[in-house]
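The values are calculated or read from the model by the stated rules, or taken from the named source; none is laboratory data. Quantities reported herein were computed from a predicted structural model and do not represent experimental measurements. Cβ sites come from the backbone with ideal geometry, for glycine too, and all protein chains shown count toward neighbours. Ligands, DNA and RNA are stripped out before the accessible areas are found, and what is left, the full protein with its side chains, is counted by its heavy atoms. Shrake-Rupley method; radii C 1.70, N 1.55, O 1.52, S 1.80 Å.
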Amino acid sequence: MASILLISLSACASAPGGPDVAGGVASYDALKSASAACAARGGELVRSDEGSGKRMTDYACKRK
């Protein structure tokens with residue numbers, strides 16, 4: 001019984017590090033995180049002209 005509870009709880013655990021900024025859905029949190037990381041490198045997060053803006057791969061960090 002304890003092993004079933006442990007397995008079910010581990011399935012609910014989120015991935016470490018928060019939202020997937022490498023190519024997942026462009027959620028508010030993922031965009032905020034990517035924008036902050038880009039700004040720390042002296043850039044600005046911009047959406048590509050071809051992308052729909054729904055995936056993180058539609059965005060790129062461009063130098064100011």
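Yes/no per residue for (1) open to solvent by less than 60 Å² (accessible area, probe 1.4 Å); (2) modelled with pLDDT under 50:
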site	(1), (2)
6	no, yes
10	no, yes
21	no, no
30	yes, no
48	yes, no
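Taken over the stretch 49-62, the criterion of being farther than 16 Å from residue 25 by Cβ and assigned to a loop (DSSP other than H, G, I, E, B) is satisfied by 49, 50. In the stretch 26-53, the residues that are more than 16 Å from residue 64 (Cβ to Cβ) reach residues that are of a type in the set (Val, Ile, Thr) with C-beta atoms within less than 8 angstrom, at least six apart or across chains, in these pairs: 30/21; 33/21; 51/57.
Only residues that are of a type outside the set (Gly, Ala, Ser) and in a strand (DSSP E or B) were counted across the stretch 36-48, and they come to 4.
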